[in-house]
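J.: Please see the structure below; I have some questions.
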Amino acid sequence: PIDHPESPEEFAARLAAATTSAKVEARRQALHNSLSFRRRVRPHDPAAKSAEEARQRLCSPAFDSAQELAAAIGRPLGLIMRRFLIHQGDKTRVIDDGKESGSNDIIRTVETITLPSVAWVAAVATQWHKLFDQQQRRHGVSPADRIPPPGLAVGLENITNAYRQIPCANPGDTAFAYLDPSSGHVVYRCIWGFPFGLVSSPLQFSRSTTWVSWVAQRLLAIPMTNYIDDFIIVKAQGTLQRGGAQNTLDSFLEALRFLPLAEKKRRHAGPLQRVLGIDIDLTEASLLVDCAVSLRPSPTRVEKVLAALAAAKEAGSLSRHIAATLSGKLQFMFSSTPGRFGRNIIQPLLDASDARGGTQRFPRLTEMASLLSALLAGWLARPCRLQVSATPGRPVLVYSD
């Protein structure tokens, strides 16, 4: 308990003193010098992408100094993050390095996110069978005369500029800097939403999408869940026009003017669907006998993962960026395995993505790469089947050689 809580004015004064200390100023100067040096060492940086975000009003205009930025937003600045650019297939993304700035070291989160697994779709199918079976029993239909439930379809929605859509209460904590190659000067901006690279961003952003899923389930009768910024939706085939449940969700968010959906990334519901790198087959999910949901990783994702693992195994080292990319792609795949096997098998990747510095060497990397390569190649050749039944019980994903 706090006997004498601070007034808002006292807290603001203490915050301003903490963010203008000699240690913070020294860090800012070191970042400025480092970015200025990159003019001669590495001229490529994210100026164009940042200018595009400013035109979309996702971040502030550019300023020549941290003091000018602080004066413009009317807030003291925290630790300033270095912004860099990464390539993801045919697109680019800007990352604000909260690890290098020290921002992630001073963030303490008391909560965590519980993300759905690929078994969630099978759980919905199980409940669908159970409800349909109860309805027929209630109407006195004999076991011999029972009919299978309507088929199911799964669809996918994605949010446009997801992390940027939720405003941050203190934009002084989302300040970043980079070198503008056109002027040769270090530029300072701040993001109005959440930055990629800040450890608290996934947790804080997921509050919004989790709330949307909660409302959609209870008020709009849409069976759906969310994986960070992706909405996974299951619906009965033939009950609504194409995209009915997805159109309802779109209209709901549009009415609230909240979290706009990306039309280009929409995948209309169907019995065969690719969800976050997993090919889901619901064609046998409505059978009366031996009904199941089949899962298999997409061939393109397996090919990319195996190529990256082979390169890392040959080199005996792994960069932090590649490790983070691989762990993100594999976590959803292995999230349904029993006994936390999925997380344990990719633990070296998680260690590598959390490591400081650039390329790291890890003694378990070779063994992990060999095991993952064998598992993914076998899974690609033979899909996993999650059994669906009207009797109570949770679906279990079982691997066999």
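J.: Please list, in chain and number order, the residues 5+ apart from residue 192 or on another chain whose amide H is under 5 Å from its amide H, with Hs placed from the backbone.
T.: Under 5 Å from the amide H of residue 192 lie the amide H atoms of 59, 60, each far enough along the sequence or on another chain.
J.: I would also like to ask the following. Calculate, for the stretch 115-197, the solvent-accessible area per residue in square angstrom, rolling a 1.4 angstrom probe over the heavy atoms of the protein chains.
T.: Values: 3370 Å² over 83 residues.
Heavy-atom accessible area per residue stands at 41 Å².
J.: Using amide H atoms built 1.01 Å from N in the peptide plane, name the residues 5+ places from residue 287, or on other chains, whose amide H lies under 5 Å from its own.
T.: 292
J.: Each residue of the stretch 285-302 in turn: what ³J(HN,Hα) in whole Hz from Karplus with 6.51, -1.76, 1.60 and θ = phi - 60°, glycine and Pro shown as x?
T.: Result, ordered by residue: 7, 10, 6, 6, 10, 6, 7, 7, 10, 9, 10, 8, x, 5, x, 5, 5, 4 Hz.
J.: Now a separate question. Applying the Karplus parametrisation 6.51 cos²θ - 1.76 cosθ + 1.60 with θ = phi - 60° to the phi angles of the stretch 180-191, what ³J(HN,Hα) value in whole Hz is obtained for each residue in order, glycine and proline being reported as x?
T.: 8, x, 6, 9, x, 10, 6, 10, 10, 9, 9, 8
J.: Hey, another quick one. Work out, in µm²/s and without decimals, the Stokes-Einstein translational diffusion coefficient of the stretch 86-236 at 10 °C, 1.306 mPa s, Rh from Kirkwood over C-alpha pairs. If you can, show how the numbers build up before the last one.
T.: Working: Rh = 19.1 Å.
D = 83 µm²/s.
J.: Further question: Based on the Kirkwood radius over alpha-carbon pairs, what value in µm²/s does the Stokes-Einstein equation return for the translational diffusion coefficient of the stretch 33-165 at 4 °C and 1.567 mPa s?
T.: Values: Rh = 20.8 Å.
Using the Kirkwood radius from Cα pairs, D works out to 62 µm²/s.
J.: Once all Cα-Cα distances of the stretch 178-248 are split into 5 Å bins that start at 0, what whole-number percent is in each one?
T.: 3, 13, 17, 14, 11, 10, 9, 7, 6, 5, 3, 1
J.: Let me ask something else about it. In whole Hz, with x marking every Gly and Pro, tabulate ³J(HN,Hα) for the stretch 130-146 from phi via Karplus 6.51 cos²θ - 1.76 cosθ + 1.60, θ = phi - 60°.
T.: 4, 5, 5, 5, 5, 4, 5, 5, 4, 8, x, 6, 6, x, 5, 9, 5
J.: Translational D (Stokes-Einstein, µm²/s) of the stretch 185-296 at 20 °C and 1.002 mPa s when Rh comes from the Kirkwood sum over C-alpha pairs?
T.: On the way: Rh = 16.4 Å.
Taking Rh from Cα pairs, D becomes 131 µm²/s.
J.: Another question about this same structure. Starting from the Cα of residue 146, move 7 Å in the Cα-to-Cβ direction to define the label point; list residues of the stretch 105-139 whose amide nitrogen is under 17 Å from there.
T.: Only 125-139 fall inside the zone, counting backbone N under 17 Å.
J.: Between residue 266 and residue 183, what is the spin-label point distance in nm, taking each point 7 Å from the Cα along the Cα→C-beta axis?
T.: Modelled inter-label distance: 4.0 nm.
J.: Something else now. Would you pull out the residues with amide H under 5 Å of residue 262's amide H, same chain only if 5 or more places away, H placed 1.01 Å from N?
T.: The answer is 158, 159, 160.
J.: Mind checking the dipole of the stretch 254-332: about its Cα centre, +1 per Lys or Arg Cβ, -1 per Asp or Glu Cβ, Debye to the nearest 20?
T.: On the way: 12 positive and 8 negative charges, 94 e Å.
Using only the charged Cβ atoms, the result is roughly 460 debye.
The values are calculated or read from the model by the stated rules, or taken from the named source; none is laboratory data. What you are looking at is a predicted structure, and each value in this text was computed from that prediction instead of being measured. Glycine gets a Cβ as well: all are built from the backbone with ideal geometry, and neighbour counts include every protein chain shown. Side chains are part of the model used for accessible areas, which takes the heavy atoms of the whole protein and leaves out ligands, DNA and RNA. Shrake-Rupley method; radii C 1.70, N 1.55, O 1.52, S 1.80 Å.
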